[in-house]
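Trainee: Sharing a structure here in structure tokens format.
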Amino acid sequence: MIIKIHSPDQVSKNAGSSSDLIQYLEKENREKDPLDQEYFFNNHRSNIDGATAERTLDANKGRLGKEETKFYMLTVNPSPKEVAHINGNPELLKSYVNDLMDNYASNFHREYKDGTPLTGKDIMYFAKVENERTYKFGDRKYATEIAHNSKIRKDIIKNMDNPKIVAELEKKYIRNSEGTAILEGAVKDGNNMHVHIVVSRYDYKQKFKLSPLSNQREGKGVLNGKEHSKGFNRDQFVQNGERIFDEKFKYSRNIKDSYNYRLNYGMIMGATNPKSFAKMIAKRAVLESIQDKTMQKAAGIAVSNPKHIPKKFISEVEKQAVKAIMQALDKGAYTNPVSAGINITKKVITELGKQISRAASI
């Protein structure tokens, strides 16, 4: 599950009218019969047309200044496994999104003057299910294929007057599972059901200015005479979003598919694969062990200069630690793979130290 809050520079003129964004989100409807079109929805009603969504959002700007953000866009992108788990049912996904927006509201920790907490029904938003995704320039996952196919396409254009050459060139296209050439703008294969949510800066009552891009900060603010937390915790919002999906649909999430895992494995370490991640963690743990002299004690070496620790011992520690960390990651046994990997490495250091001691006593 990828839940994303898009920054203002990714959303068309979000300091003005929502018109451009709403029109963009109508793109899949343009070639559909009216009865087959997908409408906007929220937790008040369904089948909302684009004009109504646009008009309602634009009328909810309250006292916001000309250059202030008027709305935000969120996207909810379930994985193929999650889509399959709900049998590709868009109504179930809509129900989940409405629950997610309750989570969105509670993350602001706001209350009205009468003590009533802010809920999803107070949040003005219009959401829409989409079923197609296209390949885009800059998509790192398909960068090689797009670059290759773009060159082929240029060659085809140059040889349009020679059908035989064109036919041969078309055979060189890299295609997806549905036979579509992987080119910028082409529709991706598989079930790509996802949701766009356009959410107003103001609540319905225009009592709160709400920004999901405002970082949560230490300390409390005062509003309506009451203390409240400042900012919006995006990590917590996404983690709760996964939990809501899992509980609502009784979905058993593999630890590797969790946001917490991605946060530690990908965002913090910048690792590109499990082995590089394991190597970085092992080296970090070795450095910590040298600094606190755990390494020296384990190896039975009394040296003041870390450079004098046998490189063979350090190399063996890293080798065994990488193997042990990768085995643990493969089992998906930990919610925090960073701290778990450090602990695994330190256990390896201790065990190797014991082996050295036993060998010395023989």
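Just so it is clear, none of the values below were taken in a lab; they were calculated from the coordinates. These numbers were taken from a predicted model, which means no experiment stands behind them. All Cβ positions, even for glycine, are placed from backbone atoms using ideal geometry, and neighbour counts span all protein chains on display.
Trainee: Past 25 Å, Cα to Cα: identify those pairs from Lys32/Lys61; Lys136/Lys209; Lys4/Lys81, in the order given.
Mentor: Lys32/Lys61; Lys136/Lys209
Trainee: Right, another one. Helix check for the chain. Which DSSP H runs span at least 18 Å along their own axis by Cα, with a mean Kyte-Doolittle hydropathy no less than -1.0?
Mentor: Those that pass (Cα extent of 18 Å or more, hydropathy at least -1.0) are 90-106, 143-158, 274-291, 311-331, 337-361.
Trainee: Straight-line reach from Lys354: which aspartates and glutamates have a Cα under 19 Å away, not including same-chain ones fewer than 8 places off?
Mentor: Straight-distance partners of Lys354: Asp292, Glu316, Glu318.
Trainee: I would also like to ask the following. Compute the length gained on full extension between Asp36 and Arg140: take 0.36 nm times their separation in residues and subtract their Cα-Cα distance, giving the result in nm to one decimal.
Mentor: 34.1 nm
Trainee: What is the chain by shape, rounded, prolate or oblate, if you read a ≥ b ≥ c off the alpha carbon gyration tensor as root eigenvalues and call it rounded for a/c under 1.5, prolate for a/b larger than b/c, and oblate otherwise?
Mentor: Details: a/c = 2.55, a/b = 1.37, b/c = 1.86.
Oblate, since a/c reaches 1.5 and b/c is not below a/b.
Trainee: What whole number of Å gives the distance from the Cα centroid of region 119-136 to the Cα centroid of region 142-210?
Mentor: After rounding, the separation between the Cα centres reads 21 Å.
Trainee: Separate question: Obtain the radius of gyration and the Kirkwood radius of region 84-166 from its C-alpha atoms and give Rg over Rh. Mind dumping the intermediate values first?
Mentor: Working: Rg = 23.7 Å, Rh = 17.8 Å.
Rg/Rh: 1.33.
Trainee: Check each of the trypsin sites (Lys or Arg not before Pro) in region 1-105 and keep only those in coil by DSSP with at most 16 other C-beta atoms within 10 angstrom; list them in order.
Mentor: Lys13, Arg30, Lys32, Arg45, Arg63, Lys66
Trainee: If you keep only loop residues by DSSP, which GluC sites (Glu not before Pro) in region 43-79 have at most 12 other Cβ atoms within 10 Å of their Cβ?
Mentor: Here the sparse-neighbourhood loop sites are Glu67.
Trainee: Another question, if that's okay. For a quick check, take a GNM of the chain with Cα springs below 10 Å and name the residue from Met295, Met193, Met101 with the largest mean-square fluctuation.
Mentor: Met295
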